[in-house]
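Okay, structure first, notes after.
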Amino acid sequence: MNPIKRLLLIYQLENYESWRFLRVIYSRPLILLGRDERKELVWTRKLFALSIMAGFLFAGLSSALVLSGIPGVVWILGLIAGVVFLPVFFVVANMLLYPIDRVLKHRIVAKARKRIESLHARGTKFIAIAGSYGKTSQKEILSHMLSSRLEVFAPSGTLNTPLGIAQAIASMEQGSIPDIFIVEMGEHYRGDVAELTQLIRPDIGIVTGITQQHLDRMGSIDTIIDTIFELPIGLGDQAIFYLDTADTHSRSGFSRHERAIRARIHAVESHTIEDYRTLADFAGGEWTYDRIPLRTRLLGRHIVRPIAIAVEIARSFGVPEADIARTVADLPYVEHRLQVLRNGVSGVTVIDDSYNGNPESIRAAAQIMHDTAVSGRKILLTPGLVELGSESEALHRGLGREIADIYNLVLLIDTPSSRALATGLADAWFSPDRIIVYPDTATAHREFSKLLKSGDVVIFQNDWTDNYF
């Protein structure tokens, strides 16, 4: 990918947040050179307009310098400076296009709002899911379970902004009236979840796990909790809020905001989950929930919590317990989230957890490895985590200490986060010869397969996008 396209890709990955874009480019200018393409640039109308506008600005500056009559050396230096400050041209172009962009987005969202109002009037029930992590898994589990008896619309991917949800609604067949509409709610800044709650007006709200995700934007765990709890606070008095009492930060948020929540509260108590047993060979787990025997191929003790919430909601919609047990057993892997991939030829098992990027996902994966006996080695491949702000180093060192007794081999992509993780491993006396560091992901994927033997299990955790390297 050429430097200009990579520049545009990073701006896109940063959601056109100009200060974050400039910080990435000018703190790590080599990011524009020498890497394989990791994520495809999506040529949206906005990006096309932005490119044209920036091109006009740069051409205007170039023409002005050439026609100004100043000495050639001076205008050549001016052009060089223009190239150096090319990212600024994109930022200025974005500022100039902002009024038009805002009007167009407002129209798209307003049209979606009318469709949402129509669906509410015709009986569609909206379920909204907020949280630092686990939103997509909760959505997929719930959708699969309810689909046994009801028509469910759950947008694929992570369309979790007002515009994304509006686009999902626009993709629905005209005249389609699903029984259930399930949406995820993304949060980068305070007010994001409140805006989505006002747009959707959910009948059911769910808060999944809360952790230190987006600390660099939010600033503190308290702000993250308050932002996510904008969902239950925004629910009407006829809505139902499902609370996972096993999550420490969710309990904290509930304690702080209980008086502001008008919705009926349904707490899913962990004591109703009994006798969880990890199945051999990463085949999942089985347990009893509120006297219902359940079994799933999905990995980890933590998965019983979103399944329990889905069970309660399915019951409320009249799904029989026999159907619930069957759909839990049939739950497919959520792509790139603890997805088990087996290579019958090499005998190596890969657990793809590349779309989970938070401290709890690393802990959950380590717990799975701890609970499962394997004939070969337990191997972790990771660049570390992003968006942890000033707490990143301390969190990674702590995680390194926590997982040191779990893995036989740790493969790291060289990043500040992975260096802190390696320091934490060393703090716990993890042998340095069991840590291998690769300069980038492409090299790691090319080289590490030479290390693998039959029986080995490898977890891929948190695949960074270009803007974080």
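Remarks
- Matching strands (runs of 3 or more DSSP E) fully within segment 130-244 where at least 2 residues are over 26 Å from SER118 (Cβ atoms) and not assigned by TED's automatic domain parsing to the domain that holds LEU399: 240-244
- Among the candidates LEU22, LEU47, residue that is in a helix (DSSP H, G or I), within 24 Å of the chain's Cα centre (by Cα) and at pLDDT 85 or above: LEU47
- Criterion (over 26 Å from SER132 (Cα atoms) and surrounded by fewer than 19 Cβ atoms within 10 Å (Cβ to Cβ)) met by exactly one of ASP414, ASP456, ASP405: ASP405
- Restricting attention to segment 354-385, the residues that are surrounded by fewer than 20 Cβ atoms within 10 Å (Cβ to Cβ), in contact with a His (Cβ under 8 Å, 6 or more places away or on another chain) and aliphatic (A, V, I, L, M) total 0.
- Scanning segment 55-91 for residues that are part of a helix (DSSP H, G or I), more than 29 Å from the chain's Cα centre (by Cα) and either of a type in the set (Val, Ile, Thr) or modelled with pLDDT of 90 or more (or both) gives VAL66, VAL73, VAL74, ILE76, ILE80, VAL83, VAL84.
- Subset tally (residues that are among the hydrophobic types (A, V, I, L, M, F, W, C) and within 23 Å of PRO359 (Cβ to Cβ)) for segment 229-286: 8
- Positions within segment 1-19 being in a loop (DSSP other than H, G, I, E, B) and of a type outside the set (D, E, K, R), in sequence order: MET1, ASN2, ASN15, TYR16
- Residue, nearest to HIS302 (Cα to Cα), within segment 222-269, restricted to residues that are of a type in the set (S, T, N, Q) and crowded, with 16+ Cβ neighbours inside 10 Å: SER250
The values are calculated or read from the model by the stated rules, or taken from the named source; none is laboratory data. Computed from a predicted model, the values in this text were never measured in an experiment. When we count neighbours, we look across all protein chains shown, and the Cβ atoms used for this are built from the backbone with ideal geometry, even at glycine.
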